[in-house]
Amino acid sequence: MKFAFFDTKQYDIEPFEKYGQKKNVKFKFYETKLNEDTAKLAKGFDGVCVFVNDTVNAAVIDKLQNYGINAVALRCAGYNNVDVRYAFGKIHIFHVPAYSPYAVAEHAMALLLTSIRRIHKAYNRTKEFNFSLSGLTGFDLHGKTAGIIGTGKIGQIFIDICRGFGMNIIAYDKFSAENSGIEYVDLDTLFSESDIISFHCPLTEETHHMINSVTVDKLKKGVIIINTSRGALIDSSALLEGIKSRHIGAACLDVYEEESDIFFEDFSGHIIDDDTLARLISMPNIIVTSHQAFLTSEALENIAKTTVENIVAFSENGFCENELCYRCGCIEDCKKERKRCF
Ligand code: NAI
């Protein structure tokens, strides 16, 4: 099997070559992202391997299908960048449902602690031999209320971490986790009672812009928002207004709704055209990391291993338990019957 690998970063190559060699799956590594212009690079391959900011829309799917490609191996969990509905009946889509939920949950807590204890400010000060504590007053997490939106794998680990800090937990999920001991509330209650809100749900039509100009007013004054999930869960302009009006206390963002052409690349020395992002970054109470939450060595190993296993399972059996199919939703039906989605 030969796969064209898009949006390659240096840290991808070693684990993918290692697991690929073991299973006779070859990768051609392209730095460019997959989109309508670059899809032609996939000609002659059996499939493409893509990440969060590659584009797998209808036009790309048509091109891939014309080249005889019938498999898209996502090396990530989220799939909002794939038109799964359009792909049905044309091309098989696999993903990596879990590679290290700890990596993301721990990063969310790292961002929160950095923000509230001003670690980023302190680091810069002491590097300059400035040992003043002025303006570095934080607050205790103990006794604060964390509102968790999405209590799947990552959300539940983040809840456990917060419990370790002695925080109270409330949560909102479209499908509550049974026997989890989690206190579920409606979204408005979560918005009004949470000192900290952390997003761990997928980006869908329903969750798009959950934080917007209307819901910002429902938030508790001084709330800290953490988003390690997908950027478009938050309307960035509404967030900016909430920060400027001092209603939102701080934001920790690992994702940004317009990140696809910016994140993962070095723009130092360039002028950024995105005024909203530039203004967000300029705020003293906003921390931005560049979709980094997944990036641990454990996660990279697991991503490569599962992606290669997905490819091999599909090529050998015509079945892959991590196939995404809009028709059977969570793929449970196909899993039970161990058959292809179409
Ligand atoms: P998961 O599938 O285990 O959990 C997602 C949860 O969201 C589920 O409990 C589901 O019921 C819930 N949900 C679905 N629709 C909802 C809605 N309309 N409202 C509220 N909750 C809803 O997924 P997991 O592994 O916990 O990942 C969560 C998200 O984290 C992914 O969708 C992905 O976008 C993001 N992610 C970010 C990474 C990063 O590097 N920043 C890395 C990996 C994932």
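Kindly provide the set of residues from region 71-93 that are open to solvent by 10 Å² or more (accessible area, probe 1.4 Å) and either without any contact (Cβ under 8 Å) to a residue 24 or more places away in the chain or within 10 Å of the ligand (Cβ to nearest atom) (or both), ordered by number.
The initial filter retains those residues of region 71-93 that are open to solvent by 10 Å² or more (accessible area, probe 1.4 Å), namely 77-86, 88-90.
Those that are open to solvent by 10 Å² or more (accessible area, probe 1.4 Å) and either without any contact (Cβ under 8 Å) to a residue 24 or more places away in the chain or within 10 Å of the ligand (Cβ to nearest atom) (or both): Ala77, Gly78, Tyr79, Asn80.
Residue by residue through region 225-259, note down the ones that are within 15 Å of the ligand (Cβ to nearest atom), assigned to a helix (DSSP H, G or I) and open to solvent by 50 Å² or more (accessible area, probe 1.4 Å).
Kept after step one, since they are within 15 Å of the ligand (Cβ to nearest atom), are these residues of region 225-259: 225-234, 251-257, 259.
Then drop every residue that is not assigned to a helix (DSSP H, G or I), which leaves 231-233, 259.
The answer is none; no residue qualifies.
Are any residues in region 81-100 of a type in the set (S, T, N, Q) and either closer than 21 Å to Asn35 by Cβ or more than 16 Å from the chain's Cα centre (by Cα) (or both), and if so, which ones? It would help to see each step written out before you state the result.
Looking only at region 81-100, we keep the residues that are of a type in the set (S, T, N, Q), and these are 81, 100.
Of everything in region 81-100, just one residue is of a type in the set (S, T, N, Q) and either closer than 21 Å to Asn35 by Cβ or more than 16 Å from the chain's Cα centre (by Cα) (or both), namely Asn81.
Could you count how many residues in region 296-316 are farther than 17 Å from Asp46 by Cα and either outside any helix (DSSP H, G or I) or in contact (Cβ under 8 Å) with a residue 60 or more places away in the chain (or both)?
The initial filter retains those residues of region 296-316 that are farther than 17 Å from Asp46 by Cα, namely 296-306.
Now narrow it down to the ones that are either outside any helix (DSSP H, G or I) or in contact (Cβ under 8 Å) with a residue 60 or more places away in the chain (or both): 296, 298-306.
Looking only at that region, the number is 10.
What single numbered condition from (1) open to solvent by less than 30 Å² (accessible area, probe 1.4 Å); (2) more than 13 Å from Asp254 (Cβ to Cβ) fails to hold for His208?
Of (1) open to solvent by less than 30 Å² (accessible area, probe 1.4 Å); (2) more than 13 Å from Asp254 (Cβ to Cβ), only one is false for His208: (1).
Just checking, does region 144-154 include any residue being in contact (Cβ under 8 Å) with a residue 60 or more places away in the chain and open to solvent by 40 Å² or more (accessible area, probe 1.4 Å)? Outline the logic, then answer.
Narrowing region 144-154 to residues in contact (Cβ under 8 Å) with a residue 60 or more places away in the chain: 149-150, 154.
Among the residues that remain, those that are also open to solvent by 40 Å² or more (accessible area, probe 1.4 Å) are: 154.
Checked region 144-154: at least one residue is in contact (Cβ under 8 Å) with a residue 60 or more places away in the chain and open to solvent by 40 Å² or more (accessible area, probe 1.4 Å).
The values are calculated or read from the model by the stated rules, or taken from the named source; none is laboratory data. Treat the numbers as computed from the prediction; the structure is a model and nothing was measured. Heads up, the Cβs are rebuilt from the backbone with ideal geometry, glycines too, and the neighbour counts pull from every protein chain shown. In case anyone asks, the SASA skips ligands and DNA or RNA and just uses the protein heavy atoms, side chains included. Shrake-Rupley method; radii C 1.70, N 1.55, O 1.52, S 1.80 Å.
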